[in-house]
Amino acid sequence: MSSDEFHVLETGTILDEIVRSRKQILEVEKVELPLSAIVGSIEGDERKQGIRVDFAERLRVGTDRTAGEAKLRVIGEIKRASPSKGVFNDKLNAVAQAEKYAAAGCAAVSVLTEQSFFKGSAGDLSDIYEHMGHDAGRPALLRKDFLFDPYQIFESRYLGADAILLIVSILQVDLLSHLIEVTRELDMEALVEVHTEEELKIAESVGARVMGINNRDLSTFSEDLRTFERLSKLCSPQAVLVAESAIKSRSDAERMHRSGATALLVGESLVRSENVDDFAGSLMLLEE
């Protein structure tokens, strides 16, 4: 499947607008940084080779700074804004925030690189990788964006990602399967995001190993932890389960843990926290 054969599904949600914007930006990116240059850099640049981190394994066992008694792993997200809540920290320093997450024992750092709606940038991910990419004990780096073209997978590897987000609702099954294949060929893993039982079945059919269950309904922006509680029961016992969205407190984390979550992906609540270390510890269900 060539990079110009991608097919993106209409969802009737804000995702459609975001993807349209993302397609326009992608055409510029392909001119400014051709795929051939990315491939050459990955193959020939020691900095891009770096130290690879197994995303799924990090979510299972944490980093060398994760407390041994932690019951859940935390993916701390670099997030300045969202379509539903607008800008909540446009001054956020990506590297400094990532270091806070690493110091708190987060298993992974999620870096939102979408520009228009989330105020992120590819530079955030590249800068974080430059800062910690050669530390064997570091958190895994997840690129969170709206990915639908194989070019973006190569670009993610070039930027230093260990894992990428793939959203089932916007991808045809054959494309989803192909993107997962490309991801693994580049020694990365995919966090495959679902919100419904139908999407869960699709994710399992293409061999998803790390499943993200999103508690936010993108049609209404409503949040409901029961989404994870319901869908987690249907997942393969071998899957690494990540609860996404709506996790704001220790009690929320406890609910996700009881329902089989391996990890939590938390953005806004951690970004707004005055004490990342303590709040992350509460999400890991450390003793109070």
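The values are calculated or read from the model by the stated rules, or taken from the named source; none is laboratory data. Because the structure is a prediction, the values reported are computed rather than measured. A quick note on method: Cβ atoms are made from the backbone with ideal geometry, for glycine too, and the neighbour counts reach across all protein chains shown.
In this structure, LEU218 qualifies as under 18 Å from the mean Cα position of the chain (by Cα) and not in a helix (DSSP H, G or I).
Just one of GLU204, GLU268, GLU229 is of a type in the set (Asp, Glu), at pLDDT 95 or above, under 22 Å from ILE164 (Cβ atoms) and out of contact with any Cys (no Cβ under 7 Å at 6 or more places or on another chain); which is it?
Unique residue meeting the criteria: GLU204.
Does GLU130 satisfy the condition of being farther than 24 Å from GLY281 by Cα and either part of a loop (DSSP other than H, G, I, E, B) or free of Cβ contacts under 8 Å to residues at least 12 places away in the same chain (or both)? Spelling it out, it is not the case that GLU130 is farther than 24 Å from GLY281 by Cα and either part of a loop (DSSP other than H, G, I, E, B) or free of Cβ contacts under 8 Å to residues at least 12 places away in the same chain (or both).
For beta carbons closer than 6 Å, sequence separation of 6+ or different chains, a first residue in the range 258-270 that is on the phi > 0 side of the Ramachandran plot and a second that is at pLDDT 95 or above and buried (at least 19 other Cβ atoms within 10 Å of the Cβ), the qualifying pairs are GLY260/SER232; GLY260/LEU241.
Filter the range 153-174 down to the residues that are part of a helix (DSSP H, G or I) and closer than 16 Å to ARG52 by Cβ and list them by number. Result: ILE153, PHE154, SER156, ARG157, TYR158, LEU159.
Scanning the range 258-275 for residues that are surrounded by 16 or more Cβ atoms within 10 Å (Cβ to Cβ), over 19 Å from the mean Cα position of the chain (by Cα) and of a type outside the set (Gly, Ala, Ser) gives no hits.
Across the range 67-79, the qualifying residues are those that are in contact with a strand residue (DSSP E or B) (Cβ under 7 Å, 6 or more places away or on another chain) and at pLDDT 95 or above, and the one among them that is farthest from GLY212 (Cα to Cα) is ILE78.
The one condition from (1) closer than 18 Å to GLU10 by Cβ; (2) free of Cβ contacts under 8 Å to residues at least 24 places away in the same chain that HIS195 does not meet is (2). Step by step: first the residues of the range 241-258, then only those that are charged (D, E, K, R) and outside any loop (DSSP other than H, G, I, E, B), then the one that is nearest to ARG216 (Cα to Cα). Which residue is that? Checking each candidate, the answer is GLU244.
Considering the range 245-257 alone, what residues qualify as being of a type in the set (Asp, Glu) and either within 15 Å of ALA104 (Cβ to Cβ) or surrounded by 18 or more Cβ atoms within 10 Å (Cβ to Cβ) (or both)?
Scanning the range 245-257 gives a single hit, ASP252.
Note down all Cβ pairs under 8 Å where the first residue falls in the range 47-59 and is at pLDDT 80 or above, the second is assigned to a loop (DSSP other than H, G, I, E, B) and surrounded by fewer than 19 Cβ atoms within 10 Å (Cβ to Cβ), and they're at least six residues apart or on different chains. Correct list of pairs: ILE51/HIS134; ILE51/ASP135; ILE51/ALA136; ARG52/ASP187; ALA56/ARG209. Consider the range 259-288 and keep the residues that are in a loop (DSSP other than H, G, I, E, B) and among the polar types (S, T, N, Q). The one that is nearest to VAL192 (Cα to Cα) is THR262. Being more than 15 Å from LEU270 (Cβ to Cβ) and surrounded by 23 or more Cβ atoms within 10 Å (Cβ to Cβ) is a description that does not apply to LEU112. When restricted to residues that are touching a helix residue (DSSP H, G or I) at 6+ places or on another chain (Cβ under 8 Å), assigned to a helix (DSSP H, G or I) and polar (S, T, N, Q), the range 175-215 contains 2.
Show me the helices (runs of 4 or more DSSP H) entirely contained within the range 12-106 in which 1 or more residues are under 20 Å from the mean Cα position of the chain (by Cα) and surrounded by 15 or more Cβ atoms within 10 Å (Cβ to Cβ). Spell out how you get there, then give the answer.
On the way: elements: 14-32, 35-44, 46-49, 55-61, 94-103.
By residue number, 14-32, 46-49, 55-61, 94-103.
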